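Step one of this worksheet: look at the structure below.
The values are calculated or read from the model by the stated rules, or taken from the named source; none is laboratory data. Because the structure is a prediction, the values reported are computed rather than measured. When we count neighbours, we look across all protein chains shown, and the Cβ atoms used for this are built from the backbone with ideal geometry, even at glycine.
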Amino acid sequence: MLLAELEIRHSRAVAPTRRVALGTHWLPTDPAPGFGGVLLAGIVATYLPDVGPELRTELLALADDLEHGRRIVQPRLRHRFQADIVGLDRSRHALVGVKGEALGFEAEVRGGPAPQLLGAVYAAAALHATARTAVFSAITTAAEWDGDVGLEFIMLISRLGQAGSDFWRRVPTDERWALQILGFGPASDPERDEVQRRFRQMVREQHPDHGGEALGAGQRIVELTQARRILLP
C-alpha cells in the first residue's frame, strides 16, 4: 500500500547543467509529520552520508532557510532549483506498507545523492505551513541518524509529533541521564558497540509488535535516541 510518494526531477548524468525540480508528489502530513514527513526524513537519512561535509553543512543551512521562509539564492548544492521539468530525468521515492507488516522505503534512483536531498527539502518547504515545522524537525533529526534507515528510524520519525515540536530542547543532555536511560550504571563506561547493541535492543522492545505499549512509545524512543547521541558524540 502506497503511503507517501515523491518524484524528483533532475538533470541527466550526461547533461552539462545541474538542475533539480519537483515532480509528482503525495506527502500526507496529518498528524504531522505524517507519512510524508517520514518519507522526506528517510531520503535525508539515506543520502546525506553520501555527500561530503561541505555539502552536508550547506544542505542543513538550506533547510533552515526554507523552514523560515528566507530568500533562497541559487544554485544550492551545485544545482539550480526550477519549476520546469522538461528534459529532466526522474527519481522516485515511496513509503509503503503491507497489512500486518512493517513500513518500508522504496526507491528508483537515477541521479546522485545531491538531487535527492534537494528534492526532499524543497518538497518540505512546499508543504502547508501547519505541518512545515514538524517536517523540518524530522529532517533535522534524520540528519543526525547514523544507523540503518529501517524500522527503528521510521518509529522515531513517525512519533516525533506526539512529543511536541520543542521536545528535543527539553530532553536532558547529561551523560549520567543517558547511561540510566540505556540501562547502564552511573559509573559505567560502555564501549561504542555495546551502546549501539543496547540502543537497538531497547528500541525494538518499545515497538508494539514486540510487546511494547503503544501509549508513549514515541517519547521513549526519542529519549533512547537522545541518550545514544550523548554517549556516541
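Just a few scattered comments:
- Qualifying residue in segment 169-190 (condition: part of a helix (DSSP H, G or I) and at pLDDT below 65): yes
- Test result for A4, modelled with pLDDT under 95, within 15 Å of the chain's Cα centre (by Cα) and part of a strand (DSSP E or B): yes
- Sole residue being small (G, A, S), exposed (fewer than 15 other Cβ atoms within 10 Å of the Cβ) and in the same structural domain as V14 (by TED's automatic domain parsing), chosen from A138, A126, A134: A126
- Residue match in segment 208-229 (condition: at pLDDT below 85, farther than 21 Å from V38 by Cα, outside any loop (DSSP other than H, G, I, E, B) and aliphatic (A, V, I, L, M)): yes
- Taken over segment 190-199, the criterion of being surrounded by 10 or more Cβ atoms within 10 Å (Cβ to Cβ) and farther than 10 Å from R228 by Cα is satisfied by P190, E194, R197.
- Of all residues making up segment 18-41, the number that are modelled with pLDDT of 90 or more and not in a helix (DSSP H, G or I): 13
- Of the criteria (1) in contact with a strand residue (DSSP E or B) (Cβ under 8 Å, 6 or more places away or on another chain); (2) under 16 Å from H68 (Cβ atoms); (3) not basic (K, R), which one A120 fails: (2)
- Selection status of V86, surrounded by fewer than 16 Cβ atoms within 10 Å (Cβ to Cβ), among the aliphatic types (A, V, I, L, M) and farther than 19 Å from E144 by Cα: yes
- Any hit, segment 130-137, residues being out of contact with any Leu (no Cβ under 6 Å at 6 or more places or on another chain) and farther than 14 Å from G34 by Cβ: no
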